[in-house]
Structures are given as structure tokens and as C-alpha cells.
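The values are calculated or read from the model by the stated rules, or taken from the named source; none is laboratory data. Just so it is clear, the structure is predicted and the values come from calculations on it, not from any experiment. FYI the Cβ positions are ideal-geometry reconstructions off the backbone, even for glycines, and counts take in every protein chain you see.
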Amino acid sequence: MPDFCHLHCHTQYSLLDGASDIGKMMDKAVRDGQKGVALTDHGNMFGAFKFVAEANKRDIKPIIGCEFYVVKDRHIKSFSRSKGEKDRRYHQLMLAKNAEGYQNLIKLCSLGFTEGLYQKFPRIDKEVLLKYHKGIIATSCCLGAIIPSLIAQDRLEEAEEELKWWLDLFGEDYYIELQRHSGLEKIDIYDKSGRKTFSKYSQENINQILIGFAKKHNVKIIATNDSHYVEEEDYQPHDILLCINTNSLIEEKERFKFPSSDFYFKSQEEMNKLFSDVPQAIDNTMDIYSKVETIELARDVLLPNFPLPKEFKSQENYLRHITFEGAKRRYNDITPEIKERLDFELKVINSSGYPGYFLIVQDLTSTAREMGVAVGPGRGSAAGSAVAYCLGITNIDPIKYDLLFERFLNPERVSMPDIDIDFDDVGRSKVIDYVIDKYGKNQVAQIITYGTMAAKMSIRDVGRVMNVPLGEVDKVSKSFPQHLGATLNGVLNEGGIIDKYKNSFNKEDLDKAAQFRDLASKPDAIGEMIRSAKKLEGSVRNTGIHACGVIITPDDITNYVPVSVAKDSDLLVSQFDNSVAEDAGLLKMDFLGLRTLSIIKDAINFIKDSHGIEIDPDKIPLEDQESYKLFHEGNTIGIFQYESPGMQKHLKDLKPTKFEDLIAMNALYRPGPLQYIPNFIARAHGRETITYDLPEMEEYLGETYGITVYQEQVMLLSQKLAGFSKGQADKLRKAMGKKKKKIIDEMFPKFKEGCLKNGHPDDKISKIWKDWEAFASYAFNKSHSTCYAFIAFQTAYLKTHYPAEFMTAVLNHNKSDTSKLNFFLRECKRMRLKVFGPDVNLSGINFTVNKKGDIRFGLSALKGLGAGPASELIKEREKKDFTDLIDITMRVNLRSINKKTLESLAYGGGLDSFGNYRSQYFTRSDKYDTYIEHAIKFGNSYQSQKESSQSSLFGDMSDQLLNPPPLPEAEPWIKTILLEKEKEVTGIYVSGHPLDDYKMELENYTNCNLTQAASSLGIECKMAGIISTAMHGVSQRNGLGYARLTLQDYTGSFEFGLYNENYEKYKELISVGQVLYVCGQYQEYYKSNKTFFKLFDIRLLASVSEDLTKSLTVRVPIESITKELVKEFKTICSENVGDHALKLKVVDEAYSIDFNVGAYKVDVSSRFIERIRSLGFSYKLN
């Protein structure tokens, strides 16, 4: 049987059109004995690198191609429907014959996006083909191509003329392509007038005409199959994919679909049989196969040229010079130890060929600082480089903290170093602009990402196009295991779930997996949906942009990789993703925007404005005990990476006193090592004995109390105990971290041999190794923890010493998220910082802080008052403060400061400083519905009259001719209305929260907030909130009353209903503004995964303390008792007399004594509890 090679293949990278997985397609080709296979995705080369790599693994020739969209003029991107214009695109298959052809494919494919993109179609035209056609093989392609299309329209002469054009351009590298798919006996076409009709020719008729052309013009013919999926049975999943693409239902008759199941990756035997009448068409596929040279896409990273000062002849010399200059600044005295470390690092950097990389990175960080952009102290393993520290790339001294260079760049196994850089999230764009200016826009690109269909998305997409009821789809989706690593293919693996899941799934997920497999096996719509979803899982659904990755090339990027474009970026976007960028020879740099750096920068600017003090964040003293006190008390809200409740609890227990403790907690507070935190704390406080398997281990484990916390500790100890080289130590670290048992087992004999040679006991050696095996996979990168602990300490220092300035910066950088804004405003209240609402005479655009430490809302926080109107108000008031609303309307541009703007100001409290009630501005005035409308009318009249009298002799008297309307009288709004109006325009409660008066009840009688309630299945939820909406009604079904209401607390909202007896029982409590305590539970319906909220109790939150509190126990540390404190305590009790019994528990480290204070009965209210807390006491309600 003659050999055959597939030359027309679409994969998943033909987005939502191709369904073939590259690996599976290759596997089938290999099984079938095929020697090569082509990749020809629609309009892009997204999969080219992976395609070549997969082919090389299987020793099969990869033929790189693309099925382009060709138009008359790629620059035309607007079409008049009324004139019958439309974007007429024709398909065109092209293959790279050699390296030059591959380069030209890249150029064409890139230009399709950068110059020809229309809607979602990258388009090229003949103009660019004339320029970039060398080394390319072209074919007449499919029915969507221009020559077959002209034939289908019975325009044979034009088709032949078109063929001549292609033959003139490509000569012997042009082939006529034949395809035979069932279902194409009738072909849709558009006639010359643009009307849809049917061709008089079938696909086979067109084939015969094409064969006639081939004979006439001596052109070789090839046979192809328009492959869009691997197996014929994949026809239905592919059809579903088309429906997802076109947003159609499978059951729709008039939708886009393929005519048959013929569009699969056929075997050589099938293709030979199909084209047995034209065997040369099969043979000629191998002619192309022979012509095509194997193109290797992987290469070493190519660095852009870094310009050197004239006095330096090599990058190595210049790098050494600026490194030692930096060392003088960093260390003052360069000791032999420092010099040895720098010499070692520079030797490795130079021998691995990366001095240019370090020069490029130091240029970016240095320039960023010069531009006023905050640069982080480092991240990841790069902080282990002393060279990077001396260059200013990082700000952590690796020698001081035992951070290892070989963790960053292994001297025995050199790979491209990866220095990720944190910039403040506001300034990050400035750095990218600098890179573009320095290297050129055509040398810089962002990195593409491919969004794939994960398990649940696949189920939902398939369910939607199969028209399965949404409730059923949700039920199936929720029945899938929750484990993050769970896939449909893994759960539905033939013969049972894969072994990996048997070990990693919990019991609930194992049960779900079993049930899910049962659902998938059924011959109904649900089973079909799941089986189809399994086949589509992992399909590429869309593309995006990598959050921080940027590529820089030595010259035009399209000389190296194809590029595309993105709607939300002015930069080019590589068509190869992050996973292959380095292998493709691209210098990839991660420019990360870190909000905390912006917060630190802004806080420092506020401090300078308020106190005249300039703080260098990199010189903040790490010995400051006041800052450590903040960690002791767990007051770490707003502190980078240390603000979670769990972390706060552990910090309170640990009471860190040195920077090393913070580094360790950053490393330990992660899944896995979290279990070692209690031991770490117990050892730190002497409650658990610190032991070392060998005395020699104390040098490196002492700072973590004998517990192996860092990967660097394993590396250092392997060198010290067993004499491992730096490279071997890093190899061990990597093997243990990734649980590579084969490498670990290979290294143990070497470790044992080295330890025995150094005189260490055999039993201890085995124990150390086993301990490392158990924990090393959890051990964390100390370099990274040190950097982020440093940022955390900077924020802690600022919060401790300059709380108002720090929290103002925090609020500004969280103002767009109302839940976070509320969260941080509550922290301000806890810190007893004064936060004032917006004020037209005092507010800036954003949150500001004055010299007294008072924080004030910005004007831009108000809806309808963006930066433009806010700037207008601020600009005018800088001349003179506004005196009242009339004064505002007389002075500002009323086209930008309109009715909506002034209403927002009034609702939000921005006019409160004028001394009037907010309600007065919304009271009827004369013939106007509100005083605001009246004031605007007056302001417009005043400004018009003033403008018209400018040239009048008596113009200075114009303001006497109009009398401002007086402010109408009105009663003030009640607090709930005032707060609700505030919330309407700010998204939050500014001057208070309806729940502020219930802090004690919330802390002691609720167990979840409203946001957590919906996810607390089977748990009794005790929660509280204010009713923000309430609707009473009567059921048409049974005539009984019901209500639906929405509760709101600090975190979010919760909606539920009252029906039947519950409605009758609680209906009197249901009105907007009521503050309620609600107790209930989410339960599942019988034999269903659907849930409902079962109500147990509702009562007014104000009555909860009185109903449920019997007594209060106050815990008093014995060492805090003084005469003054006793006197203060008595005063507090006498000012809060009530009916609740008071008990005292006096405690020291070893004992506690209980006292009943019968002389005092107190009112356990939020006010009383706050006073007790102010004394430093804890309490418990009984």
C-alpha cells in the first residue's frame, strides 16, 4: 500500500472549530505507520511549537503550516450592508518547506493579526503574499478557497485565471488539492449579487474540474482529508464544539454544521481506498513530505543587545565592575567572604552566558527607581544572589540570611535564570513603556494564554448546547468531585478512577466519583452529556494575556515567533504561550504589579506631607520592637501575607521578636507545613525540647528551633554532613521538592557515603534522610519568604508608627471593592482612627489624611462624581471655600457639576459642613421638586446674567438683580434612611453602619457572616443583618401570605423567604431597616442535591443579649492588677448597671482563681464590652 501523509489537519488551536488533540493525533499517525503529519490551523500558529515537540518525541516529521484567510485588501475593515458589501474571506493552505518558509509563515500569520484582523478573523492578501512566499508550499485548499469557490459559482474562466496567478507565484510548489467528504452533494454558495443559493456542482464535480485544470497546466494533485477530529466517533463532540462556537443548540436545524462524520484523521488505508482512482494524489503527498525539511523550533535564549559604556569591552567586565561598585555601597567593607561569594557567582554567571541578562534586569530596576516606581526587595530564588543584591535587583542580603545562589542558578546544571520583579501596580506600566522605548515596540510582546475547558466548564457548555435543563446541569456539575486536580478523564478512566485520585481524594470525593461514573454510564441525555464533555475537556476555548509576562527579542519579534494582538493591550502578543517561551529562545521577564508596594509608596508620601519626614522603606529597622508588638497582638489586617485569621492566631501564640520568626511563619503557613506550626511555637517558648539528630545540624536549624523549614537548610546540611557540591545539593532539593523517588533513591548512597566519611553514625544518617523525605516536599524557598517577610515588616512598621497615613493608603488601593473597603474601615475604627465622610471643602479626589491623623473620603468615591467633576470642584474651592450650595452653583461649571453630581454630594454628606440637614436639599422649593433643582436654576441664571453683563457699564451690579432662593425647612432623616442614601452613592455606609451598635452581639451570638451562610451546608447558621429589601405578598396557589427579604451585614447579603406558619410567626418583624438575628440551616432536599434554607428562629438583634446572656466572666492577668486599674474597673461597672451577673477569673501562667462579684450587676452591652477591652481584658459570655 502506498504511503500517505496528512497535509490538512486542524487541532484544538483552531479555536472551537478543531477538536483534535495534537498528541492523540500524532499517536494515531504513528500507529498507522505514517511518516509525517501537517498542522494547518485556521489563521494562527498557536500550536506550532508543541506540534514540533510532540512529533520529535515520536520520531515523525512535523510539517508546519496554516490555513490562512485571504481577502482582496486586508486593510478594509468596514463594509456597507446597504451596498451589499461583506468581508469575503477565502481559505488558503500553506506549508513551510524549509526554514525560510517557516519565517515567511510567521510573517504572514503575524500580519494577519496586526494589519488584517477583522472581527475574529486574521486576514492576509496577495500584496503580502508577493513579499513573503519563498520557501512555502501552497495548495488550492478546500471548498472555502478561492479557486473551488469560483468553480462552485460556475465562474470557470475566473477560476483558471486565479490558478495561473498562484502558479506564477509558487511554481512547482503549488498543488491542486482534492477532498472527498460525504454530504457535499449540494454546496451552499453566494452568487455574484451576494444571495445564498446552491451550486450546480457537487464536491466531486469540482474535483473533476480541478483534475482537468491540473492536467492542462501540468500541476500535481494531492489528496487530503479536512481533518478536524481524530476518530470518526468524535463527530458528535466536534459538532457540540461548533455549537459552543456559534452559540447554537444541537437541535436547531438551521445552524452551522459539518455535512457528515467524514472530517476525521483517516488511516492510510482509508485514504488509499478513497482515492484509488487517482493514486498519484496519494503519492504526491509523499512528494511534499520529501520536499519539507525538518525545522527545529527549540533554541537557546536570545538576549537583546545591551549597550556598554565605551571603556568596557565585554559584558563580563562591565558586570564585574558594577557588581563591586554596588558591593562597596551595600557592605562598606568587602570582606574575603563577600569577595569569594561574588567571585563565585560571577564565574557561574559568565560561564553560563548570562551576564547580559543581569545587565538588562539591573537596568530595568535602576531606571524604575529613577522614575519613582517602587521596586520590591525581590521574589523567588533570585534573592539568593549576592550579585543581584549588589546590582540593586534585590534588596535582601543573601549572605546575612543564608540564602543560596545555587538555589537560583545551579553551577552544575545551567538553565536560564528567572528573575521576577515586583513593581508597584500603578508604576508597572511605566516600566513596560520604558522597555518599549529602549528596545522598540516591534521587539516587545506580551505572552498569550490559552483558556481551556476544565471539567465543570465542559459539562456546562455541553449541557447548554444539548438543551439539558440548567437545574440538571447544575446538579451534575455539583456531583463532580471538588478536588482541584480532578478531571473528567481521570474520574471516568476506563477500569476505575486513576490511582492518583485514590490516594488524594477524600472520602466525600471518592463517593462523588463513584456516583459520577454511574451517571456517565447511563444511556440517557445526562450520560451522553458527560461522555461528550469528557471528550471536549481540555479543548482550547479562547485566548488571553499572561498577567505579567513580557518578551524582549534582539530585533523584530516576528523574526522569531508569530504574534497576535489583543483588545485590551497596545502591545503585540506572542502566539506561543509561557510554557514554551524559553524553549523557543525568547527572553521572558515577569513584571509583576504588587499593590502592597503602591500602598507603601503612597503611605510614605502621606507621611512626608503630614510630618515632613522622608522614610526609606529599605532602611526601616528590622529590630523595631513596637512593630513586633503588632504581630504579637495579631493586629495584622493590611499587613502583607500575614492578615488571615489563621495567621493572626499563630502569631499571637508565637509572639515573634525577631525577623527570622517572621520568615519562618511565612514559609510554614502553607498547606502541608502548617501542621508543624504548633511544634515550632512550642519550641520557641521552651515548652518542647529542641533536639538535633547531630550537633552539627544546629548551625543551620537553630533559627527554626530544630525544625527543617526551608529548602536551603536541606541544601546546606547536605553539603556540611555529606560533602555534597553546591550543584548536588540543589539537585537533591529539586528531587525532594518534586518527590522524584528515582533521583532520591539514587542520591541516598552518595549521601550515606559522605556522612560516614565524615564520621556520622549510620542510624542517624538514615533517620535524617527519612525525615527529609517526609518534610522536604513541604519545605519552602527561604529566599522568597525572606523577601515577602521584609515587605510585611515594612507595612507593619508603617501601620505601627504612622497608622493614619498607612490606612489611608490601604483604603485608596481597595476603594473599588466595597467589601474590602468596609473591611478596612472597620479596622480603622478598631484602631480608633477618625474617618470622616466626603466634604466639598476638605476632600481630595481620593482618601486623604491631615496632620492630625484624620482620614477623609475622597470626592471620587461618590457615584456620579468622577475624577473630572471632582477636579472641577477642587480647582474652584482652592480660590475660596464654598459657603453653601448656592455659592457652588454660582461658581462652578454646571455642565460638569450637574444635578446628579450635587445630589450625590448631598446624599454622601459632602455638604454637611454647611450646617444643614441632608433632607433639606431634597425638599420641595417653590415650583421645583427639590432645593437642588432650584439652586441649579438660580446658578444658571446668575452665570448667564453675569456673562451677558461683562461688557456692560453697570456689570458690577448684576449680582444684585437676583435673589438666591432660601433653604426650605425640613425634619432630619432618621438614621437608617440617612445611611441608606449614603450607601446609594458610595456603595457603603460612610458615617456609620446599622450594625455598629451590635458588635458584642455579633461577636458572641453569631457563628457565620452572611457571605459564609450559603456555603455552610448542614451547619446551623446563627447570623445577623439589617433588612435592605422586603417584599410581602399573597400566594395565588394557596392564598397564604409570604415574604422575601434581603439581609445585609458588613460582608455581603443573604436572601431568603418566609412561608406558611413562619410568615405568620415573624411577619411583624419584616420591614426595611430592622436589624435581625436569624438562625437556620441549609439542607438538601430528599434524594436531591438541591438545597434550601430551613429557618429555626428570627428575633430582633437588640433583644438577643437580654434573652441569651446570663452572666459575664472577665479574665484578668494578675500582673496587670494595680490600684488605678481596680478604680477604673469599678467606674466602668457603676456606669453600666444592669441585670447580668459579673464574674472575675484572675490568672497567671500556672493558676487561675474564680471570683463572684456579687456587688455588681452589669448591663452587658457593646459599649460595656468595649470599655472592658480597653483595659486589656478578655471576656466570655455565659
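Quick look at the numbers
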{"quantity": "Filter result (of a type in the set (Val, Ile, Thr) and either assigned to a helix (DSSP H, G or I) or under 22 Å from CYS243 (Cβ atoms) (or both)) within the stretch 457-512", "calculated": "ILE459, VAL462, VAL465, VAL468, VAL473, VAL476, VAL491"}
{"quantity": "Residues that are surrounded by 17 or more Cβ atoms within 10 Å (Cβ to Cβ) and without any contact (Cβ under 8 Å) to a residue 60 or more places away in the chain, drawn from the stretch 285-315", "calculated": "PHE306, GLN315"}
{"quantity": "Flag for TYR1066 being assigned by TED's automatic domain parsing to the domain that holds LEU1101, closer than 23 Å to LEU1108 by Cβ and not aliphatic (A, V, I, L, M)", "calculated": "yes"}
{"quantity": "ILE189, sole failed condition from (1) outside any strand (DSSP E or B); (2) surrounded by fewer than 22 Cβ atoms within 10 Å (Cβ to Cβ); (3) under 47 Å from the mean Cα position of the chain (by Cα)", "calculated": "(1)"}
{"quantity": "Checklist (1) surrounded by fewer than 18 Cβ atoms within 10 Å (Cβ to Cβ); (2) touching a Cys at 6+ places or on another chain (Cβ under 6 Å) applied to PRO562, failing item", "calculated": "(1)"}
{"quantity": "Search result, residues across the stretch 530-557 that are crowded, with 23+ Cβ neighbours inside 10 Å and either over 30 Å from GLU100 (Cα atoms) or over 27 Å from the mean Cα position of the chain (by Cα) (or both)", "calculated": "ILE530, SER532, ALA533, LYS535, LEU536, SER539"}
{"quantity": "The stretch 811-851, residues that are over 17 Å from GLY987 (Cβ atoms), surrounded by 18 or more Cβ atoms within 10 Å (Cβ to Cβ) and either of a type in the set (Lys, Arg) or out of contact with any strand residue (DSSP E or B) (no Cβ under 9 Å at 6 or more places or on another chain) (or both)", "calculated": "GLU827, VAL840"}
{"quantity": "Listing of helices (runs of 4 or more DSSP H) fully contained in the stretch 809-907 that carry 2 or more residues being more than 36 Å from the chain's Cα centre (by Cα)", "calculated": "867-877, 885-891, 899-907"}
{"quantity": "Matching residues, the stretch 84-119, being touching an Asp or Glu at 6+ places or on another chain (Cβ under 8 Å) and farther than 21 Å from CYS142 by Cβ", "calculated": "ASN98, ALA99"}
{"quantity": "Unmet requirement for LYS220, which otherwise passes all of (1) touching a helix residue (DSSP H, G or I) at 6+ places or on another chain (Cβ under 7 Å); (2) without any contact (Cβ under 8 Å) to a residue 40 or more places away in the chain; (3) among the basic types (Lys, Arg)", "calculated": "(2)"}
{"quantity": "Unmet criterion (only one of (1) surrounded by 15 or more Cβ atoms within 10 Å (Cβ to Cβ); (2) assigned to a helix (DSSP H, G or I); (3) among the charged types (D, E, K, R)) for LYS215", "calculated": "(1)"}
{"quantity": "From GLY485, GLY427, GLY463, GLY471, residue being in the same structural domain as ALA374 (by TED's automatic domain parsing) and farther than 30 Å from ASN559 by Cβ", "calculated": "GLY427"}
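Results for (1) touching a Lys or Arg at 6+ places or on another chain (Cβ under 7 Å); (2) among the β-branched types (Val, Ile, Thr), shown as yes or no for each residue.
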{"site": "ASN841", "(1), (2)": "yes, no"}
{"site": "SER860", "(1), (2)": "no, no"}
{"site": "SER871", "(1), (2)": "no, no"}
{"site": "ASP887", "(1), (2)": "no, no"}
{"site": "SER896", "(1), (2)": "no, no"}
{"site": "THR901", "(1), (2)": "no, yes"}
{"site": "TYR907", "(1), (2)": "yes, no"}
{"site": "GLU933", "(1), (2)": "yes, no"}
{"site": "LYS937", "(1), (2)": "no, no"}
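Every residue, every condition in (1) under 27 Å from GLU1084 (Cβ atoms); (2) surrounded by 16 or more Cβ atoms within 10 Å (Cβ to Cβ); (3) among the small types (Gly, Ala, Ser), yes or no:
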position	(1), (2), (3)
HIS993	no, yes, no
ASN1009	yes, yes, no
PHE1054	yes, yes, no
GLY1057	yes, no, yes
ASN1060	yes, no, no
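The rows are residues; the columns are (1) under 24 Å from SER149 (Cβ atoms); (2) assigned to a helix (DSSP H, G or I).
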| residue | (1), (2) |
| --- | --- |
| MET25 | no, yes |
| GLU54 | no, yes |
| PRO62 | no, no |
| GLU67 | yes, no |
| ILE76 | yes, no |
| PHE79 | yes, no |
| ASP87 | yes, no |
| TYR102 | no, yes |
| SER110 | no, yes |
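For every residue, the table says whether it meets (1) in contact with a helix residue (DSSP H, G or I) (Cβ under 9 Å, 6 or more places away or on another chain); (2) surrounded by fewer than 22 Cβ atoms within 10 Å (Cβ to Cβ); (3) modelled with pLDDT of 95 or more.
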residue: ILE639; (1), (2), (3): yes, no, yes
residue: ASP653; (1), (2), (3): yes, yes, no
residue: PRO671; (1), (2), (3): no, yes, no
residue: PRO678; (1), (2), (3): yes, yes, no
